[in-house]
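Accompanying notes for the structure given below.
The values are calculated or read from the model by the stated rules, or taken from the named source; none is laboratory data. This structure is a prediction, so every number in the text was calculated from the model and none was measured. Please note: Cβ atoms are built from the backbone with ideal geometry, for glycine as well, and neighbour counts cover all protein chains shown. In case anyone asks, the SASA skips ligands and DNA or RNA and just uses the protein heavy atoms, side chains included. Shrake-Rupley method; radii C 1.70, N 1.55, O 1.52, S 1.80 Å.
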Amino acid sequence: MSKIKILLVAVFCFSLASSAFSQAQISPERKRAIDSLAIEKIRDLSKYISIIGSKETPFSEANRVIERTLELFADDSQIGVSSLHRTEIQYYGVRPYLEHLMALNYDRVNISWYNIQYISDLELQPDGRYVGVITIYQRFEGQSDDGLTYKDTTKKDITVYVERKHTQIGGKLIGFWDVLLGDVRVTETTK
Amino acid sequence: MKIKLGGLVLILCLIQLSVYSQYFDNFVEDESMLYAHTKQVNQFFRRFNGEEDRYGERFSVNNPLYQNPTYRRNFIELLFDQQSTNIDPLIKNEFIYRCTRPEQQNFLDFHGGNWFAEVKTSFNYKGEQKDLILFLKLQEEEVGSKWVLINVIFEPFFNQFVDAKKLPEEEQKFLHPLSHELDFMNLVKVFKSKAVLEQFAEKGFKPDYLTLFIYEFRNLNLQFITVEDVKFHFFQLNDWYLELSKFNRKGNNSGWLISNLLKITKEDQEILKALIFQE
Amino acid sequence: MKKNLFRVGVIIFSFIMFSLSFSGCKSKQKIAQDQSESAYAQKIEQAKRDLLAIINDQGSMNLDEKEYRLNAIKQEYFQDQEVKDLIARADDALTVLRDEQDAKTREESEKQQQYVFHKSILDGFNAVASANSFSQANLHIAQALKLYASGDIPVLIIISQENGVKDYDRPTTIKKYLEYLKDVKKFDKGIESFMLDNNGKITEIELIKK
């Protein structure tokens, strides 16, 4: 019994060491590719948000895109929102946040994104996954038929988890980078 | 869940109110302003160390501007809260000069230790909403790193403890040195109701608020509500203390900025830490 | 008597003439025979040369021409052993050539098929990505899906390659990928490879980030 325990501990230590080793070995080119993959997921999220928010999107398509957006996120991810007038964080689940976005009571909604984006370093966390934060800025414009307009700019700090995974496809072992989004901090920005 | 939905309704109402009361325009038209903001703490590190350009693109190690002292000197100046009255300009200049001496530059290191976060949160304590400050530090692990709790400041906890030295003379009590001969039977007097137990504790006794916090949380007396504010304290650079705060305001001087700077000896650093922890 | 003598003389003369003419006829025949043998030998030599040319040809004759000449030689039914051996060798050489040509033709037709598929796949992706409405994009998706064995076939996207090791994005299915193109309205990948089943439908596709 104790031998098995020792063996298990040894295997565990080895797997920890090897995972730390393999993480340390990621070349700059590979890191760049992972960064750009993470950025692509953020762009996808931006597009999905624009589609869900747009009043021209058919209901069924918006619902489908909500499902697709949820697939980008890790389970239990939350959106933490604060405004200029209310600086403490309000927490929402991703689905209620997106459904709220779809149901906004404007006749026209236009969501666009600033060109600017900021990518943090990817940091290794104790479970062997990498975590990073990508910051983007969103323009929101809602118009009612009576001509009233609401505009704001929000900063979105989006958690990105990157994990090396393997799967078997057609008899081949495929090594892939699983990029999942996590918690999102939404801050209203002063003009 | 009810609270969340309530929040959603409230936000909707707020949006509605602002829509119907005015033409509400809060677009940031000047994108260059967003570039200027120090958008992440990570960016503060990189800017302080001169590891990225003005647009947030990382320099390669071979780039002559990478950790270039002159480039850093100009950039560090911009990393200070320009509206702060706490910071002595002379001290600031000396700090910048000392950090960027070409022969002996000082850098900030994310994994270098000696810095911690102060997070102002809000908890429900026995049915009442109260502020609670959590202190966290980055702890290195066998694989990667993580933020861990190191201390707590919570007013109701402070009120639980009495400084025994400040008790009036007639109230000061002790266990006499031969109590043991009576099998400590006199403990009954120590534990009579409302006794100030602190005076029976050893010299240098300090309450451990983190333990207390965990105990109260476990007993369901504390429920987390939200995060209100975050700042950081840096003791990583010899002889210097930096406070890093987040600003959300117009203009280029916004985002994560140095909100306080002190020139401080190693001994005084411990005193300052005790002050921050309100010990 | 004189008359008899004359007759005898005529007979002798005739006999001489006959025998003369006979001996002349006999040598003509021999000449003819000699000539025919030499022509045959020449033919054999020519056949040998032709066969060697077929065997050793470095590309001056095409396969059809070689087959035509070989068949022509075969129809002569030469009994010469050397010719027979050369015919066997030429047969072997042509079999190899024919196999090579068949393989080449097959390869070209596969290439052509691949090219056609390649283009159809790209056209499908681009049509979905550039559709200007959801309903139009949905029509393009339905059209594009006809190329694939099912909507669930895997789509692999290479994000980087280093020392022969490919790094992929999370695998997806063709249906989800086409819907993704509908949503993001952009197709910016290249086709790295794809696999077809016996029905000529795609069963796996590998894309690469440009």
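Among B:Glu155, B:Glu94, B:Glu142, determine the one that fluctuates most according to a GNM of chain B built with springs between C-alpha atoms less than 10 Å apart.
Taking springs between Cα atoms under 10 Å, the residue moving most is B:Glu142.
May I ask which residue of A:Thr57, A:Ile39, A:Gln78 lies farthest towards the positive end of the charge dipole of segment A:27-188, with charges of +1 (Lys, Arg) and -1 (Asp, Glu) on Cβ and the Cα centre as origin?
Value: A:Ile39.
Kindly sort B:Lys189, A:Lys41, B:Lys130 by accessible area of their heavy atoms, largest first, with the probe set to 1.4 Å.
Listed by decreasing accessible area, they come as B:Lys189, B:Lys130, A:Lys41.
Could you size up the charge dipole of chain B around its Cα centre, putting +1 on the beta carbon of Lys and Arg and -1 on that of Asp and Glu, and report it in debye to the nearest 20?
400 debye
With θ taken as phi - 60° and the coefficients 6.51, -1.76 and 1.60, list the Karplus ³J(HN,Hα) couplings across segment A:145-151 in order, rounded to whole Hz; mark glycine and proline as x.
4, 7, x, 7, 10, 10, 10
What list of ³J(HN,Hα) couplings, whole Hz, do you get for segment B:130-135 from phi and the Karplus terms 6.51, -1.76, 1.60, once you set θ to phi - 60° and write x for glycine and proline?
Values per residue, Gly and Pro as x: 9, 6, 9, 9, 9, 10 Hz.
If you filter segment B:196-257 for trypsin sites (Lys or Arg not before Pro), then keep DSSP loop positions with at most 10 other Cβ within 10 Å, what is left?
Taking segment B:196-257 and a limit of 10 other Cβ atoms within 10 Å, the loop trypsin sites (Lys or Arg not before Pro) found are B:Lys203.
Using Cα springs under 10 Å in a Gaussian network model of chain A, which residue among A:Thr153, A:Thr87, A:Thr57 shows the largest mean-square fluctuation?
For chain A, modelled as a Gaussian network with Cα springs under 10 Å, the answer is A:Thr87.
Under 5 Å between amide H atoms, partner at least 5 residues away or on a different chain: which partners does B:Ile225 have, H built in plane at 1.01 Å?
Hits under the 5 Å cutoff: B:Ser122, B:Phe123, B:Asn124.
Comparing C:Asn71, C:Asn56, C:Asn198, which has the greatest mean-square fluctuation in the GNM of chain C with Cα pairs linked when under 10 Å apart?
C:Asn198
Between segment B:178-203 and segment B:228-261, what's the alpha-carbon centroid distance in Å?
What the calculation gives is 47 Å, centre to centre.
About its Cα centre, what dipole magnitude does chain C give when the only charges are +1 on Lys and Arg Cβ and -1 on Asp and Glu Cβ, stated in debye to the nearest 20?
The dipole of chain C has a size of about 1300 debye.
Which GluC sites (Glu not before Pro) in segment B:161-242 pass both tests, a DSSP loop state and at most 10 other beta-carbon atoms within 10 Å?
Sites meeting the loop and neighbour criteria: B:Glu202.
With a/c under 1.5 counting as rounded, go ahead and sort chain B into rounded, prolate or oblate using the C-alpha gyration tensor (a ≥ b ≥ c being the square roots of the eigenvalues; past the cut-off, prolate if a/b is larger than b/c, else oblate).
oblate
At q = 0.20 Å⁻¹, what is the log10 ratio I(q)/I(0) for segment C:94-134, with the Debye formula run over Cα points and no solvent?
Results for segment C:94-134 at q = 0.20 Å⁻¹ read -0.66.
Rounded if a/c is under 1.5, else prolate if a/b beats b/c, else oblate: with a ≥ b ≥ c from the C-alpha gyration tensor eigenvalues square-rooted, which is segment C:134-209?
Verdict is oblate for segment C:134-209.
Please turn the phi angles of segment A:70-85 into ³J(HN,Hα) values with the Karplus equation 6.51 cos²θ - 1.76 cosθ + 1.60 (θ = phi - 60°), one per residue in order, whole Hz, x for glycine and proline.
4, 5, 6, 9, 6, 4, 6, 5, 10, 10, x, 10, 9, 10, 4, 8
Within straight cross-link reach of C:Lys74, meaning Cα distance under 24 Å, which lysines are found once same-chain residues fewer than 8 apart are removed?
Once the sequence-local lysines are set aside, what remains near C:Lys74 is C:Lys43, C:Lys48, C:Lys66, C:Lys84.
Return the distance in nm (one decimal) between the two label points of a simple spin-label model at B:Ser32 and C:Lys43, each offset 7 Å from Cα along Cα→Cβ.
9.8 nm
Multiply the residue gap between B:Val196 and B:Asp53 by 0.36 nm, knock off their C-alpha separation, and tell me the result in nm, one decimal place.
Full-extension gain reported as 45.5 nm.
Once Rh for chain A is found with the Kirkwood sum over Cα pairs, what is the Stokes-Einstein diffusion coefficient at 25 °C and 0.890 mPa s, in µm²/s?
Approximately 129 µm²/s, per Stokes-Einstein.
Do the sum for the protein assembly as shown: with -39,500 (n - 2.57) for every DSSP H run of n ≥ 4, divided by all residues, what is the mean residue ellipticity at 222 nm, to the nearest 500 deg cm²/dmol?
About -14500 deg cm²/dmol.
What is the sum of charges around C:Lys111, taking Lys and Arg as +1, Asp and Glu as -1, for the other residues whose C-beta is under 13 Å from the C-beta of C:Lys111?
0
Under a Cβ-only charge scheme (Lys and Arg +1, Asp and Glu -1), can you give me the dipole magnitude of the protein assembly as shown about the Cα centre, in debye to the nearest 20?
That gives a dipole near 2340 debye.
May I ask which residue of C:Gln58, C:Pro171, B:Pro168 lies farthest towards the positive end of the charge dipole of the protein assembly as shown, with charges of +1 (Lys, Arg) and -1 (Asp, Glu) on Cβ and the Cα centre as origin?
Result: C:Gln58, furthest along the dipole toward the positive end.
Which lysines have a Cα lying under 21 Å from the Cα of C:Lys176, excluding residues fewer than 8 positions away in the same chain?
Straight-line reach from C:Lys176, under 21 Å: A:Lys41, A:Lys47, A:Lys165, C:Lys119, C:Lys146, C:Lys185, C:Lys186, C:Lys189, C:Lys201, C:Lys209, C:Lys210.
If you average 1/r over every pair of different alpha-carbon atoms in the protein assembly as shown and take one over that average, what Kirkwood value in Å do you get?
33.6 Å
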